[in-house]
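Note sheet for the following structure.
The values are calculated or read from the model by the stated rules, or taken from the named source; none is laboratory data. Here the structure is a predicted model, which means the values were calculated and not measured. Cβ placement follows ideal geometry from the backbone for every residue including glycine, while neighbour counts extend to all protein chains displayed. Accessible surface areas use protein heavy atoms only, side chains included; no ligands, DNA or RNA. Shrake-Rupley method; radii C 1.70, N 1.55, O 1.52, S 1.80 Å.
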Number of protein chains: 2
Amino acid sequence: MALKKIRKDNYPEWYQAVVAEADMAENSSSPGCMVIKPWGYGIWERIRDVFDEKIKSTDHENCYFPMFIPLSFFQKEAEHVDGFAKEMAVVTHSRLSMQDGKLVPDSKLEEPLIVRPTSEAIIADSFSKWVKSYRDLPVLINQWANVVRWEMRPRLFLRTREFLWQEGHTAHSTPKEAEEETLRMLDAYKDLCENTLAMPVLVGRKPEHEKFPGAIDTYCVEAMMQDGKALQAGTSHFLGQNFAKSANITFVNKQNQPEYAYTTSWGVSTRLIGGVIMTHADDEGMVVPPKIAPYQIVIIPVIKNQADEDAVMDYISKIRSSLATKLPFGDKIRIKLDKRDKSSVDKFWEWTRKGAPIILEIGKRDADAGNVMIKERIKLGTPEAKVIISANELENSIVERLENIQAQMFDKAKERLEANIRTDINTAEDFNEYFAQSNEWIEDGKAAKVAFVRGKWCGDPESEELLKAMKITIRCIPFEQSKTEGVCLLTGKPATLDVIYARSY
Amino acid sequence: MALKKIRKDNYPEWYQAVVAEADMAENSSSPGCMVIKPWGYGIWERIRDVFDEKIKSTDHENCYFPMFIPLSFFQKEAEHVDGFAKEMAVVTHSRLSMQDGKLVPDSKLEEPLIVRPTSEAIIADSFSKWVKSYRDLPVLINQWANVVRWEMRPRLFLRTREFLWQEGHTAHSTPKEAEEETLRMLDAYKDLCENTLAMPVLVGRKPEHEKFPGAIDTYCVEAMMQDGKALQAGTSHFLGQNFAKSANITFVNKQNQPEYAYTTSWGVSTRLIGGVIMTHADDEGMVVPPKIAPYQIVIIPVIKNQADEDAVMDYISKIRSSLATKLPFGDKIRIKLDKRDKSSVDKFWEWTRKGAPIILEIGKRDADAGNVMIKERIKLGTPEAKVIISANELENSIVERLENIQAQMFDKAKERLEANIRTDINTAEDFNEYFAQSNEWIEDGKAAKVAFVRGKWCGDPESEELLKAMKITIRCIPFEQSKTEGVCLLTGKPATLDVIYARSY
């Protein structure tokens, strides 16, 4: 019952198949945009709720800022900032009118409006009105919003023109405090990825040429997908006084002197869902970590004889009530009873492809014996794929089972990550040979053909050219540095900086 | 300590003052758009959470659809639908480029994109792909999203170019089922307005000329503001097969015949917050119903002597823990301890203007005696405005107090609504005279100068002209009809239909 495309044969097509068969999202008639369907959106809601709690518990408050940003707000950035991205949706008219039977844009705006690609510019403008004195600082806000970047090669969840995200924006009275905030939120992202999405990440600083335009420092969390490519899962930026200077966010400091504020910004998006898919899904479809599964348990009634229906449904109702009081991960358990008019086998495969963590199949024989058949998604294909246990055992073990699934999913991904960071490549020649190969699916328990390389980098401009030519990137400069002398894997020049090299999404 | 503008003197300016002094929202540098600030957004989050639960408990699922809708999707509507609104934001370019040192729109799109004013068109397009057979129906979905309508006279919360809302969209196999859905969600809106926002509403059907373009029937909930004007708080539309025909949503019915689906849509927006303000706020500022207050209780430490600080804070910490276990309205209680470096008097007035339902002031004397000073926002200005009670009494009464505040706010607004629907105006002459007057603030306990009139309407086209000339509207055709014969209050012609006349926001 494997998907039409499996990882080994065609990894990119397998990804599309997982998304389609799990009914998580689809391409829309709106070019380059996606429809996020209930199962995909339900996962996003869980991610949002978990991270929103974190945002609030660290004293940030949610706001909402306009999605239209006047063109002039970008003028300064475009003049001064290298790498200013210009692929943006531009609103130029505010009306439609009918001309010769055809609708056409009308009422041209005096100043075009940009649909936010990110909100530093418009939020800094508000901060400049809110902040007068050091007493008004810090300002710690966040918004959950849609943003638009005009991608030319859209891929569901990974790269669509419109996507959903959260963006935190803060202003502080000292650079130290702003840097601490930047790293605090980076740490919150690591925690979100590892402890909620079961997706292990590497943490570090971006090299100069990969920084967010206008940032002093960009920090990131980077995950390894099952094909050895890297996925940037989240970024946190220390912006210094750069945006404060453009938007004039000034405050009177304790010495009664005017000073520009120090700002930060940080975000994660629906792209995380793409990361979850490529971390956990298999050839049978999606596998959702229990913490973010819209339903952690799906109950499928197995009615072979219409006369048994009442007895089975009564028994299921009892099972359901006994489970409903449980609090896996300290939260209300999420259970779906699938009563649709469909065969139980079809239902099983549908929920399997969606990656529901636990499926319970319950028929007349189970009801009579006080049992349930339990199927854990991560055990599919192993001898333990289906087990009959008593209702009592189910009730007593369900929390632990869900917690174990979450832990095992993380451990498996962590193992894959740790086993596939090469640290033994020491020359530009070996490095070239390694990355001359294409990325392929990393089979469980086997070494990756191509994945991450941890090695030296000299930082010279010519090394950036080599990166482009090889179509690889420096994912991050890890915080822990060996400080040993070595040879740049790109240029062969002497170098001490340790970096992570990889292909990436 | 009243606001700079009070209701009696200038009602519209009072409204602006409430929003500003409660720090709920402000105008943005993005023309016609608002920044929703933490206190305003916190109220929206509460409304969203309450209604989201309702949406899910009635079997709807959340999705997310693209905000860009190709222009061609509107072509048919524009040709066939009377009253098709054309004020929309139009995206025509996908890039900025620098020309002579100035950023200008570049990369013109082949087809312009409209920023969704509502999503019937793009969602119907998805439905047409999802629905094949009667077995695929009903489709019951909802999204929480931003939408844009090019308002020329924006007002915070009431009418801004961009606003936040939820829009439900459903498709059914029979008109009966779709009509039931339309009325079920109308009822959900009534429940939300009355039981969550403490804002009583009238319920009914819109007259033909006030319907959503393309709808068979539009139903609405209408609230009365403190100046006697109506606010449309939510609408629910039965769309028949109109949108199914444009988008080709067809299914094979049980008789094995192809048939167009029957669809509905329904929405409420951040406009509700404007309604809450104009229902509950007073000359001292905002008053937030406890069910949607971001903080239901604000604790202000009163430290007159630095030496007392530890004792006071310890005592507050105990009070807080004892309150933290309480579940007003079956939900976690929301408490804010305001530790800012500001005078307690300033803090009190700030939270009063924000409308926090209960403020506790706690100083050394209270700590020593085991007391707290409790101030309920709705009692401000009365002899019961501040009361000292024991910590024990506070703990035992807090849930009931919050529930009482919620109930009293509703009762007061309900009284105002019921007392100000005139039913004794029976001639066009009296009606004319009545609406020749301007709307004014309805002082507590006094009769409105101008508010709602319940009376007859003939439905003739000429009556619509008279409505326009008088700048009044028919808010709804109530479900309960007297069925008596009478005289149309506009034309003087014989009429049997009872309608609600009012000026409106």
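Inter-copy label distances at A:Met470, using a point 7 Å along Cα-to-Cβ, come to 8.1 nm with the shortest given first. Taking 0.36 nm per residue of separation and subtracting the Cα-Cα distance, full extension of the segment from B:Lys54 to B:Lys332 would add 98.3 nm.
Other protein chain C-beta atoms within 10 Å of residue C-beta, averaged over B:149-162: 1. Computed over the Cα atoms of region B:141-266, the ratio of the radius of gyration to the Kirkwood radius (Rg/Rh) comes to 1.02. May I ask you to derive the FRET efficiency for A:Lys339 and B:Gln255 from their Cβ-Cβ distance with R0 = 25 Å, giving the value to the nearest 0.05? Calculated value: 0.50.
For B:Ala233, nonlocal amide neighbours, meaning residues 5 or more places apart or on other chains whose placed amide H falls under 5 Å from its own, are B:Val221, B:Glu222, B:Ala223. Rounded to the nearest 10 square angstrom, B:His60 shows an accessible area of 10 square angstrom against a 1.4 Å probe.
Shown for region B:91-210 is the translational diffusion coefficient from the Stokes-Einstein equation, using the Kirkwood radius over Cα pairs, a temperature of 25 °C and a viscosity of 0.890 mPa s: 134 µm²/s.
Based on protein heavy atoms only, region A:402-475 ends up with 54 Å² per residue of surface accessible to a 1.4 Å probe.
Return one quarter of the surface area of the convex hull spanned by the alpha-carbon atoms of region A:22-122, equal to its mean projected area, in nm². For region A:22-122, the mean projected area of the Cα convex hull comes to 10.5 nm². In this structure, A:Asp187 and A:His209 have a Cβ-Cβ separation that, at R0 = 35 Å, corresponds to a calculated FRET efficiency of about 0.90. Here each label is just a point 7 Å from Cα along the line to Cβ, and for A:Glu45 and A:Glu180 those points are 3.8 nm apart.
Each of the peptides A:334-346, A:245-257 was scored by the mean count of other Cβ atoms within 10 Å over its residues; in descending order, highest first, they stand as A:245-257, A:334-346. Debye-formula intensities of region A:268-421, expressed as log10 I(q)/I(0) at q = 0.10, 0.18 Å⁻¹, are -0.37, -1.10 (one equal scatterer per alpha-carbon, no solvent). Distance between the 7 Å Cα→Cβ label points at B:Lys446 and B:Ser504: 2.8 nm. For chain A, the Kirkwood hydrodynamic radius from C-alpha pairs, put into Stokes-Einstein at 20 °C and a viscosity of 1.002 mPa s, yields a diffusion coefficient of 85 µm² per second. Dimensions of the protein assembly as shown along the principal axes, based on C-alpha atoms and rounded to the nearest Å, stand at 96, 82, 69, largest first.
The translational diffusion coefficient of region A:355-482, from Stokes-Einstein at 20 °C and 1.002 mPa s with a Kirkwood hydrodynamic radius over alpha carbon pairs, comes to 114 µm²/s.
DSSP beta bridges fully contained in chain B are about 85 percent antiparallel. Peptide B:93-106 is shielded by partner chain Cβ atoms: per residue, an average of 6 of them sit within 10 Å of its Cβ.
Remark: for residue pairs A:Lys190/A:Lys211; A:Lys304/A:Lys339; A:Lys56/B:Lys5; A:Lys190/B:Lys54; A:Lys336/A:Lys379, the C-alpha separation exceeds 24 Å in A:Lys56/B:Lys5; A:Lys190/B:Lys54.
Here is how far apart the B:Lys76 label points are across copies: 4.9 nm, shortest first, using a point 7 Å from Cα toward Cβ.
Legend: mean number of C-beta atoms from other chains within 10 angstrom of residue C-beta atoms, peptide B:21-32, equals 4. For the pair region A:169-242 / region A:320-360, the C-alpha centres are spaced 35 Å from each other. Residues B:Thr58, A:Thr325, B:Thr160, ordered by accessible area of protein heavy atoms at a 1.4 angstrom probe radius and largest first, appear as A:Thr325, B:Thr58, B:Thr160.
Between B:Asp411 and A:Glu87, the FRET efficiency estimated from the beta carbon spacing at R0 = 41 angstrom works out to 0.15. According to the square roots a ≥ b ≥ c of the eigenvalues of the Cα gyration tensor, what is the shape class of region B:167-238, taking rounded for a/c under 1.5, prolate for a/b larger than b/c otherwise, and oblate for the remainder? It is oblate, given that a/c is not under 1.5 and a/b is not larger than b/c.
Pull out a ≥ b ≥ c, the square roots of the eigenvalues of the alpha-carbon gyration tensor of region A:334-415, then state rounded if a/c is under 1.5, prolate if not and a/b is larger than b/c, and oblate in the remaining case. Note, shape of region A:334-415 comes out oblate.
Say a label goes 7 Å from Cα toward Cβ at A:Lys54 in every copy; what distances in nm does this one have to the rest, shortest first? In ascending order, 3.3 nm.
Using a cut-off of 20 Å between Cα atoms, the listed pairs A:Lys129/A:Lys245; B:Lys206/B:Lys449; A:Lys446/A:Lys471; B:Lys446/B:Lys468 include B:Lys206/B:Lys449; A:Lys446/A:Lys471; B:Lys446/B:Lys468 as exceeding that distance.
Modelled label positions at B:Ala324 and A:Asn426, each set 7 Å beyond Cα in the direction of Cβ, lie 5.5 nm from each other.
As a test of the formula, what do you get for chain B when each DSSP H run with n ≥ 4 contributes -39,500 (n - 2.57) and the sum is divided by the residue count, at 222 nm and rounded to the nearest 500 deg cm²/dmol?
Helix contribution divided over all residues of chain B: -10000 deg cm²/dmol.
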